[in-house]
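Q: Can you read through this structure? Questions will come right after.
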Amino acid sequence: MHSKIAQIGLVSSHPEVYDPCDDSFALVDALLADRTKLLNHRPSICMEIGCGSGYVIASLALLLGKESSGSSYIATDINPHAVRVTLETLEAHGCHAEVVNTDIASGLEKRLNRCVDVMVVNPPYVPTPEEEVGCHGIASAWAGGENGRRVIDRILPVADKLLSDKGWLYLLTLTANNPVELCLHMRKKGYASRIILQRSTDEESLHIIKFWRDLDTLLEANECSIVEKTENGLPTESPNFTPFSFWKYGNHNN
Amino acid sequence: MRLLTHNMLSSNIKGVANGFPLRIEAEKVVEKEVELNTDFLRNMFAKIEWKALVEASKTLGYAELPDVAEPSMLDSDEFLNRFHHALLELHLEEGALVCPETGRKFPVNKGIPNMLLHEDEV
């Protein structure tokens, strides 16, 4: 199995770039566990936002490999050192991605609108003081502001814009990020979701959420908003859901 | 940076209505041979803005692409080879991508485009 993902010994590094750690390993393990589904998904464009060392995008390219030879890969990071290190990591593994130094997907949003079939995000999720958010150095890899949500909340609307009709989003979060609320938020935009991996490390409890566009969820969300508007003429805060299963919203077997 | 990347990028400066395609200023171009992959080319063909690819490859010194392309051409080996070479083997190593509306230059260093904006451009 190990030949299918990036090798730590071949991952490049730099003092200003976050090295692969428990969170990166959890995300790659989740992708590996979903490999058969990913292959059947036949993604045309795969994208990672915040590629850091390049460990995850290289692993994704390797685990899909020749069986998904029609796939292309795009990786972005706000940290100029990270994009260099990502290129080196990709080269060391003999794979390729289009690498762009940018904030989330700025500059790519127009042309990739509704084109991305698989998106992978290991965001800066650590709760930090607000002023640490938005720098271009290594702190950009973890500084998430209040509840660790500052950057996640900026990424989700971009993901919604870029994901294709069959698009999947794999998002790594922490308990402090309130993953349940994230799922409900995306549900209102028509996404079903499921926590596909939970892992507790010494320091944190990690969740990997998979989101996918789901017609039933979209219809339900639309109905809710119609009901809300007709009741008092104004959209209200949020509809009350009674999820039949705590971690699984939607009814597709993704 | 391959021309595939160029074809996906547009100027992201606030207020710019049509930031595509970015004009290329080439200082250093390298060619890297990669295996031809028909599945990949077929997938990408539908997403490529052909005219932008033709102009970009000319700027990098490759003028062998037809001005107009249609899906039926993907059955021709000669066309696939040319498309493959322009899209995936020509790399802009050093230079800049220029916003067609404002003239703002986005630098390309060591093959990586820098699309980060200044505070007053967001």
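The values are calculated or read from the model by the stated rules, or taken from the named source; none is laboratory data. Quantities reported herein were computed from a predicted structural model and do not represent experimental measurements. Cβ placement follows ideal geometry from the backbone for every residue including glycine, while neighbour counts extend to all protein chains displayed.
Q: Which of (1) of a type outside the set (A, V, I, L, M); (2) outside any helix (DSSP H, G or I); (3) closer than 16 Å to A:Val118 by Cα does A:His14 not meet, given it meets every other one?
A: Result: A:His14 fails condition (3) only.
Q: Right, next: Look at the range B:51-75 and say how many of its residues are of a type outside the set (D, E, K, R) and farther than 20 Å from B:Met1 by Cα. Reasoning before the result, please.
A: Initial filter on the range B:51-75 (of a type outside the set (D, E, K, R)): B:52-54, B:56-57, B:59-63, B:65-66, B:68-69, B:71-74.
Those left that are additionally farther than 20 Å from B:Met1 by Cα: B:66, B:68-69, B:71-74.
Matching residues across the range B:51-75 total 7.
Q: For A:Ala30, are the conditions met, namely being within 26 Å of B:Leu97 (Cβ to Cβ), away from every other protein chain (no Cβ under 14 Å) and assigned to a helix (DSSP H, G or I)?
A: On the way: within 26 Å of B:Leu97 (Cβ to Cβ): no; away from every other protein chain (no Cβ under 14 Å): yes; assigned to a helix (DSSP H, G or I): yes.
No: the conditions fail for A:Ala30.
Q: Since A:Leu90 meets every condition but one in (1) out of contact with any Gly (no Cβ under 7 Å at 6 or more places or on another chain); (2) of a type outside the set (Val, Ile, Thr); (3) closer than 19 Å to A:Ala141 by Cβ, which condition does it not meet?
A: It fails just one condition, (1).
Q: With (1) under 18 Å from A:Ala75 (Cβ atoms); (2) outside any strand (DSSP E or B); (3) within 14 Å of another protein chain (Cβ to nearest Cβ) as the list, and A:Arg114 as the residue in question, which single condition is left unmet?
A: Tallying (1) under 18 Å from A:Ala75 (Cβ atoms); (2) outside any strand (DSSP E or B); (3) within 14 Å of another protein chain (Cβ to nearest Cβ), A:Arg114 fails exactly one: (1).
Q: Which ones in the range A:172-187 are surrounded by fewer than 18 Cβ atoms within 10 Å (Cβ to Cβ) and over 23 Å from A:Trp142 (Cβ atoms)?
A: A:Leu184
Q: Which one of the conditions (1) buried (at least 18 other Cβ atoms within 10 Å of the Cβ); (2) over 23 Å from A:Leu108 (Cα atoms); (3) touching a residue at least 60 places away in the same chain (Cβ under 8 Å) does A:Ile49 fail to meet, given that it meets all the rest?
A: Condition (2) is where A:Ile49 drops out.
Q: Taking the range B:10-39 only, how many residues are in a loop (DSSP other than H, G, I, E, B), touching a residue at least 24 places away in the same chain (Cβ under 8 Å), more than 9 Å from chain A (Cβ to nearest Cβ) and more than 16 Å from B:Lys105 (Cα to Cα)?
A: 4
Q: Where the second residue is surrounded by 18 or more Cβ atoms within 10 Å (Cβ to Cβ) and at pLDDT below 95 and the first is within 12 Å of another protein chain (Cβ to nearest Cβ) and under 29 Å from A:Leu90 (Cα atoms) and lies in the range B:96-122, which pairs have Cβ atoms under 7 Å and are six or more apart or on separate chains?
A: B:Met115/B:Asn12; B:Leu117/B:Asn12
Q: Something else: Do we have any residue at all in the range B:46-58 that's away from chain A (no Cβ under 13 Å), part of a loop (DSSP other than H, G, I, E, B), among the hydroxyl-bearing types (Ser, Thr, Tyr) and closer than 14 Å to B:His84 by Cβ?
A: no
Q: Here's something else I'd like to know. Exactly one condition in (1) out of contact with any Asp or Glu (no Cβ under 9 Å at 6 or more places or on another chain); (2) farther than 19 Å from B:Val122 by Cα is false for A:Ser71; which is it?
A: Going through the list (1) out of contact with any Asp or Glu (no Cβ under 9 Å at 6 or more places or on another chain); (2) farther than 19 Å from B:Val122 by Cα, A:Ser71 breaks only (1).
Q: Exactly one of these conditions fails for A:Val56: (1) in contact with a helix residue (DSSP H, G or I) (Cβ under 6 Å, 6 or more places away or on another chain); (2) under 25 Å from B:Leu116 (Cβ atoms); (3) not in a helix (DSSP H, G or I). Give me its number.
A: Every condition holds for A:Val56 apart from (3).
Q: With respect to A:Gly167, determine if the residue is in contact with a strand residue (DSSP E or B) (Cβ under 7 Å, 6 or more places away or on another chain), surrounded by 18 or more Cβ atoms within 10 Å (Cβ to Cβ) and at pLDDT below 90.
A: Details: in contact with a strand residue (DSSP E or B) (Cβ under 7 Å, 6 or more places away or on another chain): yes; surrounded by 18 or more Cβ atoms within 10 Å (Cβ to Cβ): yes; at pLDDT below 90: no.
Judged against the criteria, A:Gly167 is not a match.
Q: Output the number of residues of the range A:63-92 satisfying the condition of being hydrophobic (A, V, I, L, M, F, W, C) and facing chain B (nearest Cβ under 10 Å).
A: Keep residues of the range A:63-92 that are hydrophobic (A, V, I, L, M, F, W, C), which gives A:63-64, A:74-75, A:78, A:82-83, A:85, A:87, A:90, A:92.
Remaining after also requiring facing chain B (nearest Cβ under 10 Å): A:74, A:78, A:83, A:87.
Total satisfying the criteria: 4.
Q: Tell me yes or no: at least one residue of the range B:63-81 is under 14 Å from the mean Cα position of the chain (by Cα) and either surrounded by fewer than 13 Cβ atoms within 10 Å (Cβ to Cβ) or free of Cβ contacts under 8 Å to residues at least 60 places away in the same chain (or both). If you could, list the steps in order and put the result at the bottom.
A: Restricting attention to the range B:63-81, the residues satisfying the condition of being under 14 Å from the mean Cα position of the chain (by Cα) are B:63, B:65.
In the following step, the residues that additionally are either surrounded by fewer than 13 Cβ atoms within 10 Å (Cβ to Cβ) or free of Cβ contacts under 8 Å to residues at least 60 places away in the same chain (or both) were identified as B:63, B:65.
For the range B:63-81, residues under 14 Å from the mean Cα position of the chain (by Cα) and either surrounded by fewer than 13 Cβ atoms within 10 Å (Cβ to Cβ) or free of Cβ contacts under 8 Å to residues at least 60 places away in the same chain (or both): present.
Q: Continuing with this model, one more query. Could you tell me which numbered condition A:Tyr73 fails, if it satisfies all but one of (1) among the aromatic types (Phe, Trp, Tyr); (2) in contact with a His (Cβ under 8 Å, 6 or more places away or on another chain); (3) without any contact (Cβ under 8 Å) to a residue 24 or more places away in the chain?
A: Exception for A:Tyr73: condition (3).
Q: Inside the range B:1-45, can you point out the residues that are closer than 14 Å to B:Phe83 by Cβ and touching a strand residue (DSSP E or B) at 6+ places or on another chain (Cβ under 8 Å)?
A: Answer for the range B:1-45, where residues must be closer than 14 Å to B:Phe83 by Cβ and touching a strand residue (DSSP E or B) at 6+ places or on another chain (Cβ under 8 Å): B:Arg2, B:Leu3, B:Leu4, B:Phe40, B:Asn43, B:Met44.
Q: With within 14 Å of chain B (Cβ to nearest Cβ), free of Cβ contacts under 8 Å to residues at least 40 places away in the same chain and farther than 24 Å from B:Arg42 by Cα as the only criterion, which of A:Cys135, A:Cys95 stands out? Break it down stepwise before answering.
A: Details: A:Cys95 fails: farther than 24 Å from B:Arg42 by Cα.
Result: A:Cys135 is the single residue among A:Cys135, A:Cys95 that is within 14 Å of chain B (Cβ to nearest Cβ), free of Cβ contacts under 8 Å to residues at least 40 places away in the same chain and farther than 24 Å from B:Arg42 by Cα.
Q: Oh, and also: Can you tell me which residues in the range B:96-119 are assigned to a strand (DSSP E or B) and more than 13 Å from the chain's Cα centre (by Cα)? I'd like the intermediate steps shown before the answer.
A: Going residue by residue through the range B:96-119, those that are assigned to a strand (DSSP E or B) are B:96-98, B:105-109, B:112-114.
Matches in the range B:96-119: B:Lys105, B:Phe106, B:Pro107, B:Asn109, B:Asn114.
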